[in-house]
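Peer 1: Okay, handing you the structure first.
The values are calculated or read from the model by the stated rules, or taken from the named source; none is laboratory data. These numbers come from a predicted model, not from an experiment. Every residue, glycine among them, receives a Cβ derived from its backbone with ideal geometry; neighbour counts consider all protein chains shown.
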Amino acid sequence: MYLMSFDRISGNFTSKINNTVTAAIDIGSDKILCLIVRNVITDTNRYSFDVLGVGHNRSMGFESGIITDATALELAIRTAIEAAEEMSSLTIDKIVVNLSSEFIESSLYEISVPIKDIQVSKKDIEEAFLIAEEQNVSDDKIIIETMPLGFSVDGLKSIEYPVGMYGKKLDINISVITCSRSIVQNLNDVIERAHAKISKIVISPFASAISTLSSDESNLGAILIDMGAGTTSYSVFSDGIFKFAGVIPVGGNYITKDIARSLSIPIIEAEKLKILYGGVLTNSYDNGDLLSMKMVGYDESDSNDIQISKSVIAEISRTRALDILQKVESNLLNVSEALVRDKRIVLTGGGSQLIGIDDLAREVFKSPIRRAIPKINSDIFDISDPIFSNVIGLLTYSQNETFVNKKITTKSLSYTSNNFFSNLLRWFKDSF
């Protein structure tokens, strides 16, 4: 088992996955997006793909990482999958799925085990993994992933592959990602009811990082913040290694609700205002810039419009966006100040498109800021948009040879044990 460095997990592939087909689905609070692709390994051993099918649907029965109506979500997922299958003329039975929940926990362990047979064996590594996993055994949570982040043999560090090395003691830094068992169990059930099986689960903050961060950023230190509709997820990389991940159950939808609630206007109108005037730079508009809107509960025949200042819309948006970014910073500082110190900030997801969000993030974190799109694009379709960051990360990470994702099975979940894409982008932006 190799060290799970960023360069390895984002680009260590072999030719045997060439021409294989993979499906992935990004389940969010506003959208369901399914991609079916043919995997391609480039001459430089990098991952790419040809898009065969895509399906999208408005999300239903899912809010801020929680299933609120399993029947509605099943229908939304099945509709997206069937649209991708129809376009690709393929039928899929396995699919890679994202997980974005505030109940995701990221833990780091330093495990030491004696080397039993003079040379390090895979059994020694497995023993260390079991020790780390035993500390997470619970009826209430399930292990999503276990990753080796550092090896040392008799104090000798920077080892990428210890098997076969001589020594007496093996030390491994191990990351264990867990989530509420019921969250994963319900997700698995809904996917199966939509006539598919989960092949891999990848946490959203990790997937988005894989598709957007550069190698240099992962080495020098970066915090990836994926600002979705219902959740905001974040992951930390430093020295080329994954350090931590988390999710807060607040996203861009909350800005929309704040605008609607504060101005007493319909949510659909509030969403339009957020897209058009919801930048977080309050000095972008003069207080005299007014809009005429219907209050909630009134129809077009009513004449009692209210006058809304564009600067007020920006102030409401700024207040909530600031709160989101401060929550991310606070959560990281509560774990360790080192997670935030000297880290550049990389923003992605739909919320990262708010005007001025990079300046606001710079104000909070006092660090360099970059707004990111996926590193992989398609020769046929344009997928260079932040809304694709998650699903592209799912596809990339799931094909890696060193993937250590736990196999999610019914038993393990038991408590007893181009134009098209241009139109798609326009649909997302007009709808959400």
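Peer 1: Does any residue in region 77-91 that is closer than 10 Å to Ile36 by Cα come within less than 7 Å, Cβ to Cβ, of a residue that is in a loop (DSSP other than H, G, I, E, B) and of a type in the set (S, T, N, Q) six or more places away or on a different chain, and which pairs are these?
Peer 2: Glu85/Thr91
Peer 1: Could you list, in sequence order, all residues of region 337-359 that are surrounded by fewer than 22 Cβ atoms within 10 Å (Cβ to Cβ) and either in a helix (DSSP H, G or I) or at positive phi (or both)?
Peer 2: Glu337, Ala338, Leu339, Asp342, Gln353, Gly356, Asp358, Asp359
Peer 1: Additional query: Tally the residues that are touching a Pro at 6+ places or on another chain (Cβ under 9 Å) and surrounded by fewer than 19 Cβ atoms within 10 Å (Cβ to Cβ), restricting the search to region 194-222.
Peer 2: 0
Peer 1: Here's a follow-up. If we keep just the residues of region 19-30 that are polar (S, T, N, Q) and at pLDDT 90 or above, which is surrounded by the most Cβ atoms within 10 Å (Cβ to Cβ)?
Peer 2: Thr22
Peer 1: Tally the residues that are in contact with a helix residue (DSSP H, G or I) (Cβ under 7 Å, 6 or more places away or on another chain) and closer than 23 Å to Ser107 by Cβ, restricting the search to region 328-349.
Peer 2: 4
Peer 1: Would you point out the residue of region 31-68, among those that are among the charged types (D, E, K, R) and out of contact with any strand residue (DSSP E or B) (no Cβ under 7 Å at 6 or more places or on another chain), that is surrounded by the fewest Cβ atoms within 10 Å (Cβ to Cβ)?
Peer 2: Asp43
Peer 1: Let me ask something additional. Return the only residue of Gly393, Gly350, Gly356 being not charged (D, E, K, R) and not assigned by TED's automatic domain parsing to the domain that holds Leu281.
Peer 2: Unique residue meeting the criteria: Gly393.
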